[in-house]
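K.L.:
Quick one: the structure is below, questions incoming.
The values are calculated or read from the model by the stated rules, or taken from the named source; none is laboratory data. Note that the structure is predicted; figures quoted are calculated from it, not measured. Using ideal geometry, Cβ is built from the backbone for each residue, glycine included, and neighbour counts are taken over all protein chains shown. SASA here: full protein model, heavy atoms, side chains in, ligands and nucleic acids out. Shrake-Rupley method; radii C 1.70, N 1.55, O 1.52, S 1.80 Å.
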Amino acid sequence: MNGDAASTTEVLSVADDASFDADVVLEPIGPAAKSRAAVVWERIEPILVYAGDWLNPILVKETRQALKSFQFTTTFALVLAACWIVTIGGLALIGPSIFYSASGGTLLAWYYAILAFPLIVVVPYSAFRSLTAEREDNTYDLLSITSLRPRQIISGKLGSSIVQMAVYFSAVTPCLAFTYLLRGVDLPTIAVLTVYTFFGSLGLSMAGILLATLSEQRFAQVFVSVALVAGLLWICFWSVFGGYQVIQFSYAFMGGEEFWTTTLALTTAYVTTFTLMFFAAAGTITFSTENRSTPLRLCMLVQQAAWIGWMAFAWIYNGYELGFIFALAAFAAVYWYVMGALLTSERVGMSQRVKRRLPQSFFGRAFLSWLNPGPASGYMFTIANGTSIVLISLLGIAMSQLLASGTPGSLSADELFCLLIVGWGYVVAYLGVGMMAIRLLRRFAVVNTFAAVLIHFLVILAGSGIPTTIQMMSVDLRYEDYSLLQIPNPFWSLTHLVDGGVASEGAILVLVIPAAALCILLLNLRSVVRELQAVRIAPPKRVLQDEAELHPPPAALPQNPWDEPE
Amino acid sequence: MIRTATPQIELRNLHRVFDQTHAVNNVSFEVYAGEVVGYIGPNGAGKTTSMRILATLDEPTAGDAYVDGFSVVEDPDRVRRRLGFMPDYFGTYQNVNVYEYLDFFARSYGLKGRERISAIGEVMEFTQLRALAEKPINGLSKGMKQRLCLGRTMIHNPSVLVLDEPAAGLDPRARIELREMISKLADAGKAILVSSHILTELAEMCDRVAIIEQGRLLAVGSVAEISAGVQVQSTVHVRVLEGAERLQNWLAARDGVSELRTDGTLAVFDYAGDRAAEASLLRAMVESGLPVIEFGAKHKSLEDVFLHVTEGRVQ
């Protein structure tokens, strides 16, 4: 067994030809005779073992596996070989002009193409396969009944991807450094390229893992697998193209204020989306009685705050232009409709486990209940966020009217106001109708999350498709533009408002759509109230006992010099 | 076996429905510390489904199951710390040897440092896998894999073991070794629920059995209790020195005697009664003057009980 340490007993050896008398020379063998390296290693090993204990078990296992795997060895060898070929071929082509020409950029583009393939295609696909293979090989069950939490499983898989990336980087990094020596490319360009590629690969690996958690069935795995490879190859192609552009034109945009602002905005979007995907993946593999929804809702809130922040910055930076408020609201409408469709598809009923941690105080129940799992609270959470976007946008419109000094944008304040109110109404109405449809169907059949989301999209598709079909089939209406028959059609109605339809149908839409939305909200209010009535319950006695054993209260310390320690 | 007050495993009105199939239908029974309970039933009876629910791999449609007092539905994480589950399949990782496999699961159960090394050592000692520590698990024989699987199941020293068909596909020697291991674990105070198709083996190692068919629990108890409960008959043979005809007439007149066959001075018959009834029968024979020189009773095996209790129906 590995844990068996060699015996450290000191052994004495006797000189070859010496009889055992007083003149015998005794040479110590063992610790005293150990090489300096062995002594140093003996000191380091316990530290490494201790450090290894704090590493994610999946990371440890998968690193061990990867280092022995054929796929990893082959890819690594190919990357190394490709780098060597490019280096030798490049030097041969450049020839003696290497002493005075700046040819680092060209070689960097080649090296980047070599690096992009394993990082953009191989690593994310390996992350996807790593989790799907657990299901195929029947090891997922064994893994899921250990003490590892779902977040540890996901972070372990991500850690394994990072290790793979690090190894690929280690193969290419000397070549990247070499391009700097050849001149024609600066260090910031190389750094930006590698950092963007690293985080791109990490993000794609996260997406791969999320897709793996979602595709439980064999046919879904095959379908997703093919789509993922195609998608990754497409991204790889464009990243190589983009990388080439960066190398060629980095001098034009690097280092400027806009570059760093854009980088910061992209970083915010990346971090919030990555976190959302991480919690979504962890939530998918979490036991169903656990609270899977609240972390996701918090991520959504942070993402919305970041989006508002950046759009407010752009709005101020560009002279309070209304177009940015429109962009804020348009993105938020799509975002909250999609997120609302997911949240309202959650399972009805709260587990005892979740009820043990419900907020108790008045303020907690008033403000945090919307973060509790459940379709109705999800519906209200979506509406609350949508409404806050509308209010912030209205405030923005008012401020634009007061502060804007430049030329007005393509949208007027009235048009934007109409769009905000009508857009809000559509989101509230369609999510409410979808939720009612799901509730109705759940009385007769099992409707899982995927089916529920599908129902939402079918409802909005029906609301848009049926009026459009009727109008197209009608002899009288066929050649007319927008008609009031299209009121249920959010796409046509909103496009009509953007195209100047506010003057003709704006007032009707502003009245009808929010009114319908409020009616639907009222119809759903009963289920909202039912979810809000859930109150915190005490954990079972056995759980309290276990908690006391796991986390015993600290021993009481003496409060003054006269107290006896217990 | 010392029966503690709280059962280590408790299934309480457990139901599991898959579409039109009621895989587990109102199943309730308990397993106590130090007890080995055999879970038997035909294929598709609901054994694996119940065991998967206990292992927190599936959720009941209604009812609940408890491990050491914790609900598998509400506190799966606490259950997982206390339970070791050995499924009827062996999950293999590529490019992993025996030591690394056990090390991974020890780490996954939160064992650190010396505790982990010691746990792996103990498990390898118990399952006699020490010599194979460096061997890739894909190259292991079926018996070795089963041992490794048992080792993985007990790496975190759980108080409850749920073993689904642990002896399937093993050769006779490996079966005997596995049976010995299970007995040792029970002696160490672990509650063990084990399912198997090899009923003779279960009869030898189990304190009690639970018989399930079509999702319904038909009987729970020791083989003797179930036999008594379902009035499974024992086969009795009596040999007299002389007077075979008188013996035949005497037995034919007795209650509980059926399927009487005679061969000279030997009579073989089925007798519905426990051991005390058999003793009374022998006493009555002697008192009635029959020259009995041989009396023996062969009690029904677990297989007989199983065949009597179940009807071989599948759903």
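K.L.:
Please go through the stretch B:107-142 and pick out each residue that is closer than 20 Å to B:Lys184 by Cβ and open to solvent by less than 20 Å² (accessible area, probe 1.4 Å).
P.N.:
Result: B:Ala119, B:Ile120, B:Gly121, B:Val123, B:Met124, B:Thr127, B:Leu129.
K.L.:
Can we say A:Gly104 is modelled with pLDDT under 90 and open to solvent by less than 10 Å² (accessible area, probe 1.4 Å)?
P.N.:
yes
K.L.:
Continuing with the same structure: If you go through the stretch A:457-475 one residue at a time, do you hit one that is among the aromatic types (Phe, Trp, Tyr), surrounded by fewer than 18 Cβ atoms within 10 Å (Cβ to Cβ), in contact (Cβ under 8 Å) with a residue 12 or more places away in the chain and in contact with a Gly (Cβ under 9 Å, 6 or more places away or on another chain)?
P.N.:
Checked against the condition, which is being among the aromatic types (Phe, Trp, Tyr), surrounded by fewer than 18 Cβ atoms within 10 Å (Cβ to Cβ), in contact (Cβ under 8 Å) with a residue 12 or more places away in the chain and in contact with a Gly (Cβ under 9 Å, 6 or more places away or on another chain), the stretch A:457-475 yields at least one hit.
K.L.:
Within the stretch A:523-549, which residues are open to solvent by 60 Å² or more (accessible area, probe 1.4 Å), out of contact with any helix residue (DSSP H, G or I) (no Cβ under 9 Å at 6 or more places or on another chain) and within 14 Å of another protein chain (Cβ to nearest Cβ)?
P.N.:
Selection gives A:Lys541, A:Leu544, A:Gln545, A:Glu547, A:Glu549.
K.L.:
Give all pairs with beta carbons closer than 6 Å in which a residue from the stretch B:76-101 that is of a type in the set (Asp, Glu) meets a residue that is open to solvent by less than 10 Å² (accessible area, probe 1.4 Å); count only pairs at least 6 apart in sequence or on separate chains.
P.N.:
Within 6 Å, the pairs are B:Asp88/B:Asp164.
K.L.:
Let me ask something else about it. Answer with yes or no whether A:Glu45 is of a type in the set (D, E, K, R), surrounded by 13 or more Cβ atoms within 10 Å (Cβ to Cβ) and more than 8 Å from every other protein chain (Cβ to nearest Cβ).
P.N.:
no
K.L.:
OK, next. Do you know which residues across the stretch B:264-315 are of a type in the set (Phe, Trp, Tyr) and closer than 13 Å to B:Leu247 by Cα?
P.N.:
B:Phe269, B:Phe295
K.L.:
Let me ask something else about it. I need a count of the residues in the stretch A:357-407 that are touching an Asp or Glu at 6+ places or on another chain (Cβ under 8 Å), closer than 26 Å to A:Gly323 by Cβ and part of a loop (DSSP other than H, G, I, E, B).
P.N.:
2
K.L.:
Out of curiosity, is A:Ser126 part of a helix (DSSP H, G or I), closer than 30 Å to A:Val222 by Cβ, polar (S, T, N, Q) and more than 11 Å from chain B (Cβ to nearest Cβ)?
P.N.:
For A:Ser126, the condition - part of a helix (DSSP H, G or I), closer than 30 Å to A:Val222 by Cβ, polar (S, T, N, Q) and more than 11 Å from chain B (Cβ to nearest Cβ) - is met.
K.L.:
Could you list, in sequence order, all residues of the stretch A:476-511 that are assigned to a helix (DSSP H, G or I) and surrounded by fewer than 16 Cβ atoms within 10 Å (Cβ to Cβ)?
P.N.:
Taking the stretch A:476-511 as the starting set, the residues that turn out to be assigned to a helix (DSSP H, G or I) are A:484-486, A:490-511.
Hits for the stretch A:476-511 are A:Leu484, A:Phe491, A:Thr495, A:Asp499, A:Gly500, A:Ala503, A:Ser504, A:Ala507, A:Ile508, A:Leu511.
K.L.:
If you check A:Leu131 against the conditions, is it crowded, with 20+ Cβ neighbours inside 10 Å, within 14 Å of chain B (Cβ to nearest Cβ), touching an Asp or Glu at 6+ places or on another chain (Cβ under 8 Å) and part of a helix (DSSP H, G or I)?
P.N.:
Considered against the rule, which asks whether it is crowded, with 20+ Cβ neighbours inside 10 Å, within 14 Å of chain B (Cβ to nearest Cβ), touching an Asp or Glu at 6+ places or on another chain (Cβ under 8 Å) and part of a helix (DSSP H, G or I), A:Leu131 comes out as no.
K.L.:
Out of (1) modelled with pLDDT under 85; (2) within 12 Å of chain B (Cβ to nearest Cβ); (3) surrounded by fewer than 17 Cβ atoms within 10 Å (Cβ to Cβ), the odd one out for A:Ile94 is which?
P.N.:
Failing condition for A:Ile94: (2).
K.L.:
Can you tell me which residue within the stretch A:134-160, out of those that are open to solvent by 20 Å² or more (accessible area, probe 1.4 Å), more than 10 Å from chain B (Cβ to nearest Cβ) and not charged (D, E, K, R), is nearest to B:Gly91 (Cα to Cα)?
P.N.:
A:Pro150
K.L.:
Could you tell me which of the residues B:Val194, B:Val223 is open to solvent by less than 50 Å² (accessible area, probe 1.4 Å), touching a helix residue (DSSP H, G or I) at 6+ places or on another chain (Cβ under 7 Å) and under 23 Å from B:Cys149 (Cβ atoms)? Lay out the reasoning, then the answer.
P.N.:
Values: B:Val223 fails: under 23 Å from B:Cys149 (Cβ atoms).
The unique qualifying residue is B:Val194.
K.L.:
Got a number for residues in the stretch A:334-391 being among the charged types (D, E, K, R), open to solvent by 50 Å² or more (accessible area, probe 1.4 Å) and more than 14 Å from chain B (Cβ to nearest Cβ)?
P.N.:
Of the residues in the stretch A:334-391, 1 are among the charged types (D, E, K, R), open to solvent by 50 Å² or more (accessible area, probe 1.4 Å) and more than 14 Å from chain B (Cβ to nearest Cβ).
K.L.:
Let me ask something else about it. Name the one entry in A:Val167, A:Val192, A:Val185, A:Val163 that is away from chain B (no Cβ under 14 Å), outside any helix (DSSP H, G or I) and open to solvent by 10 Å² or more (accessible area, probe 1.4 Å).
P.N.:
After ruling out the rest, the residue left standing is A:Val185.
K.L.:
May I pose another question? Limited to the stretch A:236-277, what total is found for residues that are under 24 Å from A:Trp110 (Cβ atoms) and open to solvent by less than 60 Å² (accessible area, probe 1.4 Å)?
P.N.:
9
K.L.:
Do we have any residue at all in the stretch A:515-522 that's more than 14 Å from chain B (Cβ to nearest Cβ), within 19 Å of A:Pro467 (Cα to Cα) and part of a helix (DSSP H, G or I)? Walk me through it before giving the result.
P.N.:
Of the stretch A:515-522, the ones more than 14 Å from chain B (Cβ to nearest Cβ) are A:515-522.
Next cut, within 19 Å of A:Pro467 (Cα to Cα) only: A:516-517.
Subsequent filtering for residues that are part of a helix (DSSP H, G or I) retains A:516-517.
Within the stretch A:515-522, one or more residues are more than 14 Å from chain B (Cβ to nearest Cβ), within 19 Å of A:Pro467 (Cα to Cα) and part of a helix (DSSP H, G or I).
K.L.:
Sort out which residues of the stretch B:17-35 are open to solvent by 50 Å² or more (accessible area, probe 1.4 Å) and within 17 Å of B:Asp207 (Cα to Cα), and write them in order of number.
P.N.:
B:Glu30
K.L.:
Identify all residues within the stretch B:145-182 that are modelled with pLDDT of 90 or more and of a type in the set (S, T, N, Q); write none if there are none.
P.N.:
Of everything in the stretch B:145-182, those that are modelled with pLDDT of 90 or more and of a type in the set (S, T, N, Q) turn out to be B:Thr153, B:Asn157, B:Ser159.
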